[in-house]
Amino acid sequence: KVQHSSAIKKKKGRRYCCGYPISIFFIVVNEFCERFSYYGMRAVLVLYFRYFLLWDDDLATSIYHAFVALCYLTPILGAIIADSWLGKFKTIIYLSIVYAIGQVTMAISTIHDITDANRDGTPDNFTFHIALSMLGLILIALGTGGIKPCVAAFGGDQFQEHQSRQLNTFFSVFYLCINAGSLLSTLITPLKSVASTLMVFIAGSGMYVKTDPEGNIMWSVCKCIGFAIKNRFRHRSSSYPKREHWMDWANEKYDKLLIAQIKMVLKVLFLYIPLPMFWTLFDQKGSRWTLQATTMSGDFVSILISTVNPILILTLVPIMDRLIFPLIQKCGLNFSPLKRMTVGMLFAAMAFVSAALVQIEIDKTLPNFPSSSESQLKVVNTYSTTLNVTISPNEHLLIESFGSSADYVTFDHQDITVSLNTNPVITKAFSLIKGGRQTLIIPSDPTVMRDFVLRHGEQWCEFSRKFGFGASYTFLIPSTVFSDDCESITEVEDMKPNSVHMALQIPQYFLITTGEVMFSVTGLQFSYSQAPKNMKSVLQAGWLCTNAVGNIIVLIVAELGKLPKQWAEYLLFASLLVAVSIIFSIMAYFYTYIDPAEIEAQVRKEQGLEPEEMEKETLEMEEKDEDQKNEQGVKQTKI
Ligand SMILES: CC(C)C[C@H](NC(=O)[C@@H](N)Cc1ccccc1)C(=O)O
């Protein structure tokens with residue numbers, strides 16, 4: 001009886017199970033459903049652009065990255081609404097409705113029948129579909145981005161100050177749910193998930209700890225910073241005594257507590273400056289690495305891209321949390337959050353080195369394409385005898401009947417003359433295409449030449465070939481093809497199939513995901529723990545913005561500054577991230593971890609607000625004792 005009552009307990013409106021507030025169950029399930037919907041839609045977005053709206057690869061990729069960037073910029077808006085106006089709970093509800101409207105709009109934009117008057121299977125009015133889908137995407141970005149910083153921070157709000165261990169576990173489970181949602185979305189259609197997201201969230205309504213918004217906090221922050229800068233400028237003469245921090249120049253007009261809170265937030269935001277570089281590398285999984293996979297052999301491209309990352313997250317997060325981090329701690333090493341994030345960056349850099357090594361292997365097997373000033377020619381002989389082919393001025397090829405030259409011959413000039421040792425000798429001049437590859441087929445001798453088809457009247461024959469990924473073939477079909485049941489068809493391989501197996505990409509996926517666990521999960525926890533109570537969502541939004549900036553860098557750098565060799569680009573990105581991680585580690589060295597609640601309490605005390613705080617503290621201490629008793633109860637149950 002005692003054990004049961006200690007495991008589930010109701011305290012001042014909060015219900016607990018095993019030391020965790022029950023309300024967080026609804027929050028993590030809500031995140032699972034939301035990510036399920038988001039990733040399910042995102043997975044087919046480029047295909048929708050490419051094959052429904054008929055955009056080219058470049059436009060489809062650019063709009064895709066722009067959409068992802070927007071999804072991570074809108075958190076700022078969500079955070080402002082939550083912290084200054086509606087509070088997190090209502091913001092999540094309202095923006096989820098916007099999100100659902102966006103998904104419906106997007107779904108409608110994919111129905112080609114709406115404008116397909118002539119019923120030919122393609123829309124007649126592309127402008128309508130483009131406008132509708134763009135509207136849908138903007139609403140989705142507003143919904144998904146707007147609620148994102150609120151959900152994580154709202155989850156954190158359910159814990160009390162002394163529950164830091166449980167809080168860290170919550171963020172890990174939260175991250176697991178993100179990835180479980182994205183993994184499942186590749187297997188099941190995500191249609192109804194936004195509605196479920198909302199329902200699950202509302203279901204927990206009675207159990208949440210809801211903190212009220214404290215007025216237009218963002219506006220106050222901006223005004224306070226503006227005043228501090230102006231005041232500092234007004235007192236720039238050396239006759240004025242220096243102040244400890246430039247924000248202290250706002251002391252004359254603004255509340256000490258607000259200034260202390262702004263200092264905390266600015267300190268963290270400053271630390272975020274180098275972080276987008278991590279996301280720049282991370283987000284190339286979906287672009288460069290996907291393209292790399294298409295030049296490799298193996299037929300699990302789509303599975304690899306959409307499932308390897310979440311599967312690895314689902315395995316690595318528990319391993320790190322339960323095994324690696326405690327082990328490092330046992331060895332007496334202080335693996336602080338910022339150190340973890342630095343190591344995470346180094347792992348991402350290693351992933352790119354691994355990608356570069358794989359690329360070098362791929363490059364060895366890739367055909368040698370002509371440069372813009374060169375031309376290439378392959379000669380195929382369908383003549384009945386072996387031919388001696390001379391291509392002016394000094395290229396001599398001996399090509400047997402129904403064979404071809406071993407590879408493409410490269411010329412640094414366009415005009416060639418081809419001579420065959422037939423009787424009489426045949427000579428013909430050709431002008432090749434610059435930068436192109438062409439095949440010259442020497443036709444059969446006129447005496448044996450006959451038109452043929454594979455299915456001709458009653459005659460037909462069947463043949464099957466397995467094509468290798470990335471290969472290109474020419475089939476030589478002799479006139480006797482029907483009499484020998486297609487046996488005489490000769491296959492000429494113009495381009496060899498890809499031979500570097502996709503499994504070679506697994507190390508780079510493993511490294512980048514290890515980096516993600518160290519960097520992203522820790523960053524999420526760090527952003528929450530270092531933020532003052534009324535600016536938790538704002539700092540979550542700042543954290544998500546580093547991802548948006550990373551995506552924008554991918555758009556700019558990867559699209560504009562293409563290096564001639566892909567492996568060199570991978571190495572460039574890896575070195576950039578190593579350089580950035582060194583800068584970050586120096587910044588992290590000078591960062592002192594804070595307890596925002598403690599600082600706030602101290603400032604309040606200085607302002608003469610002790611009695612109220614003392615009361616609160618006493619209450620919290622009581623709760624802490626009660627929680628400890630609960631935990632002991634749970635431990636006893638386990639024993
Ligand atoms: C910026 C966010 C913290 C990113 C987070 N993403 C992930 O957790 C990814 N591992 C999910 C994923 C799934 C499939 C393919 C690529 C990435 C999020 O979505 O919140």
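The values are calculated or read from the model by the stated rules, or taken from the named source; none is laboratory data. On a predicted model such as this, the values are computed, not experimentally measured, just so you know. Here Cβ is always computed from backbone atoms with ideal geometry, including for glycine, and neighbour counts include all displayed protein chains. These accessible areas exclude ligands, DNA and RNA; they are computed on the full protein's heavy atoms, side chains included. Shrake-Rupley method; radii C 1.70, N 1.55, O 1.52, S 1.80 Å.
Considering Cα pairs under 8 angstrom that are at least six residues apart, work out the relative contact order of the chain and quote it in whole percent. Mind dumping the intermediate values first?
On the way: 943 pairs, mean separation 135.2, N = 639.
Reported relative contact order: 21 percent.
State whether the stretch 318-392 is rounded, prolate or oblate according to the following rule on the C-alpha gyration tensor (a ≥ b ≥ c being the square roots of its eigenvalues): a/c under 1.5 gives rounded; otherwise a/b larger than b/c gives prolate, and the remaining case gives oblate.
Prolate, because a/c is 1.5 or more and a/b exceeds b/c.
Can you pick out the pairs among Lys230/Lys533; Lys339/Lys364; Lys428/Lys496; Lys242/Lys605 whose Cα atoms lie more than 32 Å from each other?
Violating the 32 Å limit, Cα to Cα: Lys339/Lys364.
Got a sec? What order do Glu569, Glu606 fall in by accessible area at 1.4 Å, biggest, i.e. largest, first?
Numbers: Glu569 5, Glu606 130 Å².
Ranked from most to least accessible, the order is Glu606, Glu569.
For the stretch 453-534, run through the trypsin sites (Lys or Arg not before Pro) and keep only the ones in DSSP coil with at most 16 other Cβ atoms within 10 Å of their Cβ.
Counting only loop positions with at most 16 other Cβ atoms within 10 Å, the trypsin sites (Lys or Arg not before Pro) in the stretch 453-534 are Arg465, Lys466.
Going through the cross-link list Lys285/Lys565; Lys267/Lys330; Lys285/Lys330; Lys90/Lys253, which pairs have a Cα-Cα distance over 25 Å in this structure?
As for pairs spanning more than 25 Å Cα to Cα, those are Lys267/Lys330; Lys285/Lys330; Lys90/Lys253.
Using helices alone, I'd like the mean residue ellipticity at 222 nm for the chain: each DSSP H run of four-plus residues gives -39500 (n - 2.57), total over residue count, nearest 500.
My calculation for the chain gives -17500 deg cm²/dmol from helical runs alone.
Order of 31-42, 109-120, 257-268, 382-393 by packing, highest average Cβ count within 10 Å first?
31-42, 257-268, 382-393, 109-120
Counting only protein heavy atoms, what percent of the accessible surface of the chain is carbon or sulfur at a 1.4 Å probe?
C and S fraction of accessible area: 62 percent.
Scan around Ser297 for amide H atoms under 5 Å from its own, H built in the peptide plane at 1.01 Å from N, and keep only partners 5 or more places away or cross-chain.
Excluding prolines and chain starts, which carry no amide H, the hits are Ser499, Val500, His501, Met502.
Under a 1.4 Å probe, what is the accessible area of the chain per residue, stated in Å²?
Computed with neighbouring chains in place, this is 51 Å² per residue.
Ordering Ser520, Ser372 by how much accessible area each has at a 1.4 Å probe, largest first, what is the list?
Ser372, Ser520
Kindly point out, ordered by number, any Cys in the chain whose beta-carbon has no other cysteine beta-carbon under 4.7 Å away.
So, Cys17, Cys18, Cys33, Cys71, Cys150, Cys177, Cys222, Cys224, Cys331, Cys545.
Say the dipole of the stretch 268-374 comes from +1 at the beta carbon of Lys and Arg and -1 at that of Asp and Glu; which of Leu269, Val358, Trp289 then lies farthest toward its positive end?
Leu269
What length, rounded to one decimal in nm, is gained on full extension from Ser384 through to Ser164, with 0.36 nm per residue of separation minus their alpha-carbon distance? Show your work: numbers first, answer last.
Values: separation 220, 0.36 × 220 = 79.20 nm, distance 8.28 nm.
Between Ser384 and Ser164, full extension yields 70.9 nm more.
Angle, helix 337-365 long axis vs. longest principal axis of the chain, Cα atoms, 0 to 90°, nearest 10?
Once rounded, one gets 0 degrees.
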